[in-house]
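What follows is calculated from the coordinates using simple rules that are stated; it is not laboratory data. Computed from a predicted structure; not experimentally measured. For neighbour counting, all protein chains shown are included, and Cβ atoms are generated from backbone atoms with ideal geometry for every residue, glycine included.
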Amino acid sequence: MLEILSFTLGPVTTNAYLVADSETGDAAVIDPAWDGRVILDAARQRGWRIANLWYTHAHFDHIGGAAAIADALDPAPLAALHPADYVLWRAGGGGPMFGFNIDPGPDPAIGLEHGQILRLGDTQFQVRHTPGHTPGHCVFYCAEANALFSGDLIFYRSVGRTDLPGGNWSALERSIREQVYTLPDETVILSGHGSQTSVGDEKRMNPFIEV
């Protein structure tokens, strides 16, 4: 059974998610935003082993806690990122543009690809490449948990910004239409910022992307 813990951390209130197979204790952090020790302590309290860090994209507020988590674990967790965001990762996630200089953590060891399957115990997550907010942005869909971890692609009644380097509005719109709106309406969307929503609600109510 998949368990999901959410944290809102850092200077721009970024959502991080600690996901675990409760039977095996295998865990991953989706977007280890800031304050990695907070996430690490929650895993330890539950006896979960963090073996993976899965990044929806490489902006600084989504990877800022990776180093603290990796430095505290032996072996260090494997970081997964789409190769199109490697340049952004090497640049500290664009943090210097906003006055933040972060340690981006361990080198990405897993290059994410569209359609790739990531596993926690018996639970599967499908990787969907969703460029637009950044060139390498990905979302993680878990059919078993009826959940989509959407990063900064789509939010409650909003969408990710495309005015930062690498952003592309046409690509973002296409990603939402083809990779989010095609999922079952009851799919819960767990975003990188703000409240959770659902595919059906956003198809009906999101003012930026019409069905």
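Observations on the model:
- The stretch between Ser195 and Arg46 holds 51.2 nm of extra length on full extension. This uses 0.36 nm per residue minus the Cα-Cα distance.
- Electrostatic tally near Ser198: other residues with Cβ closer than 15 Å to its Cβ, Lys and Arg +1, Asp and Glu -1, net -1.
- Relative contact order (%) - the chain, alpha-carbon pairs under 8 angstrom, separation at least six: 15 percent
- Among Ser150, Ser170, Ser191, residue whose mean-square fluctuation peaks in a GNM of the chain (springs only between Cα atoms under 10 Å): Ser170
- Taking Cβ atoms as reference points and 15 Å as the exclusive limit, the residues near Arg90 contribute a net charge of -3, counting Lys and Arg as +1 and Asp and Glu as -1.
- Considering only Pro83, Pro11, Pro131, the Gaussian network model of the chain with Cα springs below 10 Å gives its largest mean-square fluctuation to Pro11.
- Other residues within the sphere of radius under 14 Å centred on the Cβ of Val211, judged by their own Cβ, net out at -2 (K and R +1, D and E -1).
- Exposed-loop-free span, longest in the chain, where GluC sites (Glu not before Pro) count as exposed if DSSP calls them loop and at most 13 other C-beta atoms lie within 10 Å: 24-112
- Across Pro77, Pro104, Pro96, mean-square fluctuation computed from a Gaussian network of the chain (C-alpha pairs under 10 Å connected) peaks at Pro96.
- Think of the chain as a dipole: +1 on every Lys or Arg Cβ, -1 on every Asp or Glu Cβ, centred on the Cα centre; then among Cys138, Ile117, Phe98, Phe98 lies furthest on the positive end.
- Shape metrics for region 48-88, restricted to C-alpha atoms - Rg then Dmax, Å: 10.5, 31
- Neighbour counting of Cβ atoms within 10 Å sorts the residues Tyr17, Tyr55, Tyr181, fewest neighbours leading, into Tyr181, Tyr17, Tyr55.
- In Å, descending, principal axis extents of the Cα set of region 141-205: 34, 22, 22
- Dmax and Rg, reported as Rg then Dmax, of the chain (C-alpha, Å): 15.7, 47
- Here the dipole of region 2-205 is about 340 debye; that uses its Cα centre as origin and unit charges on the Cβ of Lys and Arg (positive) and Asp and Glu (negative).
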